[in-house]
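A short worksheet on the structure shown next.
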Amino acid sequence: MNQQNNQRRRWLSVLSLLSVGVWLNPMLAFAKKPEAMEAITRIAGSQTPKEGRVKLVLPPLVENGNLVVLKVSVESPMTSQDYVKAIHVIAEGNPLPNIFSAFLTPRSGTANITTRVRLGESQRVWAIAQMSDGSFWQGYADTLVTLSACTESI
Amino acid sequence: MSKTSRTSITMPAQAKKDSIIEIRAIAQHDMETGYRYTDAGKLIPRDIIRFFTCQYNGAEIFRAEFHPGTGANPLIIFTTIATESGTLQFEWRGDDGYEAFNQSQITIT
Amino acid sequence: MSPENQAMQDDPNLNPAQFWVMDGQSLWQEKAGKRDVSCASCHGESGSAMRGVAVRFPKMSQGKLQTLEGQINQCRVSRQHAATLAYESKELLALTAFVASQSKGLPIAVIETAANKASLQQGRQWFYTRMGQLNLSCAQCHEDRAGLKLGGSVIPQAHPTAYPIYRLEWQGLGSLQRRLRNCMSGVRAQQFEYGSPEMAQLELFLMWRAKGMALESPGVRP
């Protein structure tokens with residue numbers, strides 16, 4: 001009887017903490033999609049990518065998720081001693097988190113890439129940059145994906 | 001039998017030595033994600049372009065990997081330094097034996 | 001239209017529809033049918049003779065109201081002695097895109113004439129008639145509520161200035177008729193058939209309504 005009461009009290013306190021947490025910061029309760037985190041870990045290994053130097057630009061509101069223009073710019077001198085080796089784009093809300101990877105060289109001139117991606121739903125998209133010195137940097141953008149009106153019924 | 005499609009390259013034909021040029025490469029391809037179903041409920045298998053490379057007078061200067069999350073008729077815009085006159089060669093490879101080639105000349109002024 | 005889609009449309013290097021225009025250019029020069037002639041054989045190699053053509057369609061031709069697709073098929077049958085191309089087939093879309101793109105930037109020039117008056121009136125009626133399980137007319141959304149939102153999208157005035165379009169929803173090129181069928185399925189109405197007189201009449205009214213607006217073909221739409 002006592003054990004049941006203790007368990008119930010513990011469960012109630014967890015529940016209340018969670019509710020308070022959601023009230024304070026909704027994003028906390030619905031944390032980063034685990035697959036996306038795993039994908040970033042596969043890229044960066046044991047390192048945690050540092051925030052900064054990577055700018056990811058997505059339209060804030062997308063009328064159709066089938067073709068979304070995505071621009072990544074990474075600050076880098078792009079010399080043979082210090083350049084961006086790779087840029088990986090990870091989507092938190094897609095069935096597969098990896099959507100695109102670019103591999104650059106000191107001959108690239110800039111680390112600015114533009115491409116067009118599919119976004120399955122409103123989500124956060126990450127860009128992870130791997131530098132020639134072995135460090136990892138990251139940036140992100142949030143976007144709302146809506147659906148076009150009057151679609152086909154085949 | 002490998003299949004192919006149209007591709008389009010946009011880049012300057014001339015550039016000053018060591019200036020940075022922008023290259024736009026686009027290939028005609030449905031990029032079937034492998035997550036769609038037919039009306040009968042059958043899964044449509046993945047059929048996408050997987051790799052894109054750019055070689056500048058034989059040296060690889062850029063490479064990209066496309067995943068199912070890349071949009072149809074994939075576009076990639078990237079930059080490179082116009083080091084010398086010559087030929088840039090572009091290659092796309094993908095599922096089901098897909099391959100496409102294109103090239104563009106550049107003259108250094 | 002969102003700035004990203006506008007940029008995609010305006011730049012032929014970014015516009016996915018450009019591939020269909022290139023295919024259309026090849027088809028334009030390809031001999032076909034029992035007569036073994038190409039479009040180019042009569043209309044010239046470059047296709048530039050088609051400038052000003054798309055902005056005048058649909059129009060009356062030999063007593064029949066023809067859309068641009070209908071006219072292309074008419075030429076195939078009567079001049080090339082070839083089979084018609086199916087609506088929404090890659091070939092017909094490519095040829096339509098190629099011909100329409102020749103008129104890019106020109107104002108739509110469909111006017112009321114004695115010959116098309118009856119068809120135009122019929123088209124106007126389709127536009128203002130309620131249809132479907134949702135019992136909505138085109139006008140209720142596209143005139144009364146143009147600029148307001150349906151779901152997350154802004155309701156346009158529905159001027160067909162850019163057809164055929166690369167619709168992101170379709171992830172491919174499609175004709176105005178395909179889009180009109182989408183609208184009809186949207187209000188749960190019996191869709192007009194491809195190539196039907198009703199479709200041509202509605203197209204005629206829509207183009208007449210858009211007269212003076214510049215043709216943007218081939219367009220990009222969400």
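Only one of A:Pro60, A:Pro77, A:Pro97 is in the same structural domain as A:Arg42 (by TED's automatic domain parsing) and crowded, with 24+ Cβ neighbours inside 10 Å. Can you tell me which?
Numbers: A:Pro60 fails: crowded, with 24+ Cβ neighbours inside 10 Å; A:Pro77 fails: crowded, with 24+ Cβ neighbours inside 10 Å.
Step by step, each of A:Pro60, A:Pro77, A:Pro97 is checked, and only A:Pro97 is in the same structural domain as A:Arg42 (by TED's automatic domain parsing) and crowded, with 24+ Cβ neighbours inside 10 Å.
Could you pull out every one of the strands (runs of 3 or more DSSP E) wholly within the stretch A:64-131 that has 1 or more residues that are more than 10 Å from chain B (Cβ to nearest Cβ) and under 23 Å from C:Ala7 (Cα atoms)?
Details: elements: A:68-74, A:84-91, A:98-103, A:111-117, A:123-131.
Of the strands (runs of 3 or more DSSP E) lying wholly inside the stretch A:64-131, those with at least 1 residues that are more than 10 Å from chain B (Cβ to nearest Cβ) and under 23 Å from C:Ala7 (Cα atoms) span A:68-74.
Identify the residue in the stretch C:1-36 that is surrounded by 17 or more Cβ atoms within 10 Å (Cβ to Cβ) and more than 14 Å from every other protein chain (Cβ to nearest Cβ) and, among all such residues, is modelled with the highest pLDDT. By that ranking, first place goes to C:Trp28. Just one of the listed residues (C:Met131, C:Met199, C:Met184) is of a type outside the set (Val, Ile, Thr), surrounded by 14 or more Cβ atoms within 10 Å (Cβ to Cβ) and within 28 Å of C:Glu4 (Cα to Cα), and it is C:Met184. Given the condition surrounded by fewer than 17 Cβ atoms within 10 Å (Cβ to Cβ), of a type outside the set (Lys, Arg) and either out of contact with any strand residue (DSSP E or B) (no Cβ under 7 Å at 6 or more places or on another chain) or within 11 Å of chain A (Cβ to nearest Cβ) (or both), answer yes or no: does some residue in the stretch B:91-108 qualify? Yes, the conditions are met somewhere in the stretch B:91-108.
Name every residue in the stretch A:132-154 that is in contact with a helix residue (DSSP H, G or I) (Cβ under 6 Å, 6 or more places away or on another chain) and away from chain C (no Cβ under 14 Å), in order of residue number. The answer is A:Phe136, and nothing else.
Of all residues in the stretch B:1-24, those that are within 16 Å of A:Arg107 (Cβ to Cβ) and within 11 Å of the chain's Cα centre (by Cα) total 1.
Of the residues that sit in the stretch B:1-39 and are without any contact (Cβ under 8 Å) to a residue 12 or more places away in the chain and part of a loop (DSSP other than H, G, I, E, B), which one is surrounded by the fewest Cβ atoms within 10 Å (Cβ to Cβ)? Reasoning before the result, please.
Taking the stretch B:1-39 as the starting set, the residues that turn out to be without any contact (Cβ under 8 Å) to a residue 12 or more places away in the chain are B:36-39.
Restricting the remaining residues to those that are part of a loop (DSSP other than H, G, I, E, B) gives B:36, B:38-39.
Values: B:Arg36: 11, B:Thr38: 9, B:Asp39: 6.
Only one residue fits best here, namely B:Asp39.
The values are calculated or read from the model by the stated rules, or taken from the named source; none is laboratory data. Predicted model only: the values in this text are computed from it and were never measured. Here Cβ is always computed from backbone atoms with ideal geometry, including for glycine, and neighbour counts include all displayed protein chains.
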